[in-house]
1. Amide H of residue A:597 versus every other amide H placed in the peptide plane: which residues, excluding those fewer than 5 positions away on the same chain, fall under 5 Å?
2. What net charge is computed for the residues neighbouring residue A:689, neighbours being all others with C-beta under 12 Å from the C-beta of residue A:689, Lys and Arg scored +1, Asp and Glu -1?
3. Tally Lys and Arg at +1 and Asp and Glu at -1 over the other residues with C-beta under 14 Å from the C-beta of residue A:536: what net charge comes out?
4. With point charges of +1 on the Cβ of Lys and Arg and -1 on the Cβ of Asp and Glu, referenced to the Cα centre of segment A:749-835, which listed residue (A:835, A:760, A:808) lies farthest in the positive direction of the dipole?
5. Considering amide H positions built from the backbone, and no H for Pro or chain starts, which residues 5 or more places from residue A:703, or on another chain, come under 5 Å of its amide H?
6. List, in the order given, every pair from A:60/A:142; A:667/A:748; A:337/A:486; A:536/A:664; A:825/B:34 whose Cα-Cα distance in the structure shown is over 18 Å.
7. When the convex hull of the Cα atoms of segment A:117-275 is projected onto a plane and the area is averaged over all directions, what value comes out in nm²?
8. With each label point set 7 Å from Cα along the Cα-Cβ vector, what nm distance links residue A:92 and residue A:211?
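None of the figures in this text is laboratory data; all of them are computed from the coordinates on show. Small disclaimer: the values here were computed from a predicted structure and weren't measured. No Cβ is skipped: glycine too gets one built from the backbone with ideal geometry, and neighbour counts run over all protein chains shown.
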Amino acid sequence: MVTKEEEKEMQGFLDKKQYWWWADKARTTRLSKLRSAVWFKGARGSAYIPGVKIDPCGCKIYTDVFQSKDPVEPGAWTRAKADAAVLDRIPIFVIDDARIVGYCGAAPNVIFWIPYFAHAINEDLYNDRSGLFEEKDREWIKKDLDWWRPRTYQAACERILTRKEKMESALAIITLGQAHLNGFETAVFDHEWAFKGYGHIINAIDAKVKEARDRLQGIGELGPNTFPMNAPEDLPLIEKLDNLQAMKWTMEASVRWIKRYSRLAKILAENFETNPERKIELMRIHETCAKIATEPPEHIWESIQHHHFLDILKRYECSETAWPSRPDFYHWPFYKKDVIDEKNIARDDVIDYIGEWQLRTFETNRPWSRLYREIMTGGSGPLVWTIGGVDPETGEDACSDLTDDILTAARLTRTSEPTYGFRWHSKARPQTLRQVFECIRHGLGYPSIRHDEILIQNMMTNYGYSVEEARTWVHAACMSPACTTKETAQPIRYGNPTIVSSPAMSFAIFDGWDPVTKMQAGHHTGDVTTFDTWEKFYNAWIKQLQYIYWTLMRGLEKDRWIRMKQYPRVWISAMYERCVDAGLSCDEVKEHGNPWMTTSCHMDQFDGLVAVKKLIYDEKKYTWAQLRAMLLANWEGYERERMDFIRVPKWGNDDSYCDDIIVKAHKDINLQTQKPQTEWCGNSPLYLPENVSVYVVCSTKIGAQPNGRRWGDTLYDGGCSPGAGLDKKGPTAVLRSVGKLDHVRDFKATLLNQRLNPTQLAGEKGVQLFMGYMRAWHDLGIDHVQFNMVDNETLRAAQKEPEKYPELMVRVAGYSAHFVELSRKCQDTIMARTVQEI
Amino acid sequence: MKCQHCGYEGLKGTFRYLYSTTPDAPIAYRECPKCFGWVQIDELEEEERERKKVTAQK
Ligand SMILES: [Zn+2]
């Protein structure tokens, strides 16, 4: 019970906008204890925080299995055996007070890793100066890594990549690596199938095995050879049988692994626990795990545990970089039964369960290269959980008490992961929208808000999904919507290469030459000083973008081929009904595709484009020779001239001269760089501009730009956001500019960062102002917006005395992070963003 | 320009450019070549000052 005194104190914290102290008082003792016991695995700058280690168990087990493999067995078998061995041998644990169990790694402070994917990452981790491995293990790990070097997925991919492709991946100028260097994926579950339980999947595999085996042997009423062979149709069954066998092993291993948790909880309850209440909880864990090891969940605590196990098991097979799911929708039937209809559990207790699940999610991370740690500085995801939206069958509002409870739990736990994406639509119930606003007001930086109607239309228009399919969408990673049905759920992260697109501007100006690496990096599109018309320059720029996008799609698809043929993901394949039906790996079976190309550092070049048109072609104030000289000098000695380029109309001010050029360019990019490409599943991708912290990382990778940016300066932080501080005409002008883009047809999605004034949005008046702003946003058909609501005064104070602000959170771009864990440069760019008065 | 940390004085170009904190104004950080401290400067003002100095010397 909260006393009057405590209530007053908590209100005081809210009034002073000290939301972290409020949360500290408002959350339960259990949540507080669990929260303080969590190891955060995100990076500070580009280093894991002290005490975090890389788990060597996966390396040991994988090496054992692969070194002793049967020389004639198919690749899928070895992989499945290695995964199964991990699940059988990895130490497991139950944290004090926890009611949700399951972690990817042998101890709470380690990050699980297998040496199978990229030797670049293996060696990056091994050579990390902070000592990510214990001294006693280094010798044998080194031996294992030497053995793995020519056998990794990276090595296999590099066999078929050209020298230039390999260099482009490694240099990270137009991309941030490829799948073979990053070794991560983003698999979206076939939700209904995954919730049927492991027993069901094993039975389905058995049935398919029997069917294929009978046919291969021609079994009928006379036994084998009742039917003659049809080799073209029958021989592929051999591969299918191999795949199905491998899938079955991974499913059986999952069952055994979950049963280990069941046993451990029982052993703890019966032999070690003295507190009678905790004994009951441990026995509940025991029963839950025993049941869901094979059966589908029936209660809310079982469904959450099942869902958590799914995502942890997925991480044992491959380092997953996201957590695509829709928890309020998936768990609603269980919530309704247990909280509303049968009253098996109190609502407050569900909030506690969800809070705990958020913490169990927050503590996960993957073995990242130093580059990727820096790209996600302060974050460990982005693990975007999708909430809100509509019911796939009826199209009615899917917001529920569970949605509200999830948002309440988020304010109580205040973790940077999971982060949330809310599917905002015209029928969403007001009390849930209010909860969304409260999270933003509490400074969490989430949920980010997505235009449900626009994104559903986008998916139907570009990929031909039915409306029922499109309405199932979840965030595949930070931004990209993806369906979750049998035919549509996608197993790979298409945007894996993550394009860096603003170098196209430098390439167009310097005939494909890159002033930073001083290499011929793009196409030869001609000497820009001879381009007497604007169109000539514009076309050269589009050609450079083609070079960038096409290079990366080629690499991505080649990587996919290698995975399909040599380095399959077996466990996740079993999680797709269509793969079990076909007996093929998820990389080979063609989903009804949904490809996209994540594009970072995207908007800067457009403001540069406008400046070039205005100052070189329209007003003829500068020549190309002058601009080239100024860019090569990084504007040094040309500050007065640089200010000329800065004063040219900029995106986000509802300026028609500027906006018309930029809107047309977006269309052209889609038509001329995306539509001509066809990926494995037969679809054309769409580009998806967004940034995470790439805009900071690339500040020294991209040369000076005609928008006035110097080498060293960060790039624009959003996907369609104006440059920080360059939006001068207020929030409506920003929305008007961004609303001119075609959010249904021209791209997959795009990211709009905005900052709001916390003082202006205080109290009930603040709620009304916010809802008014959101109506304008919704009417303009903009697919995304996310907010920071922390003032510069607080941020400056946190820069000065970081030890006093460990709980202060901000939205970076696509994810939230604790402000004091960001680099100084990243902090400064967040402070430079315009605070909008709405 | 002068480093406020160690007093080193030199042309703006000898201080390594770091980044701008205000993209619409000429304010930026540079790094002192002697003590590696960060110095915030007005690029435009400094450039005009250096230009005048050169003209005066001629
Ligand atoms: Zn100095």
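1. Excluding prolines and chain starts, which carry no amide H, the hits are A:686, A:687, A:688.
2. Values: positive: A:748; negative: A:604, A:690, A:717, A:746, A:783.
Residues near residue A:689 contribute -4 overall.
3. That works out to -2.
4. A:835
5. Amide H to amide H, under 5 Å and 5 or more residues apart or across chains, residue A:703 pairs with A:516.
6. Details: A:60/A:142 11 Å; A:667/A:748 12 Å; A:337/A:486 26 Å; A:536/A:664 16 Å; A:825/B:34 21 Å.
Violating the 18 Å Cα-Cα cut-off are A:337/A:486; A:825/B:34.
7. On the way: hull surface 73.3 nm².
Its Cα hull, projected and averaged over all orientations, spans 18.3 nm².
8. Output for this residue pair reads 3.2 nm.
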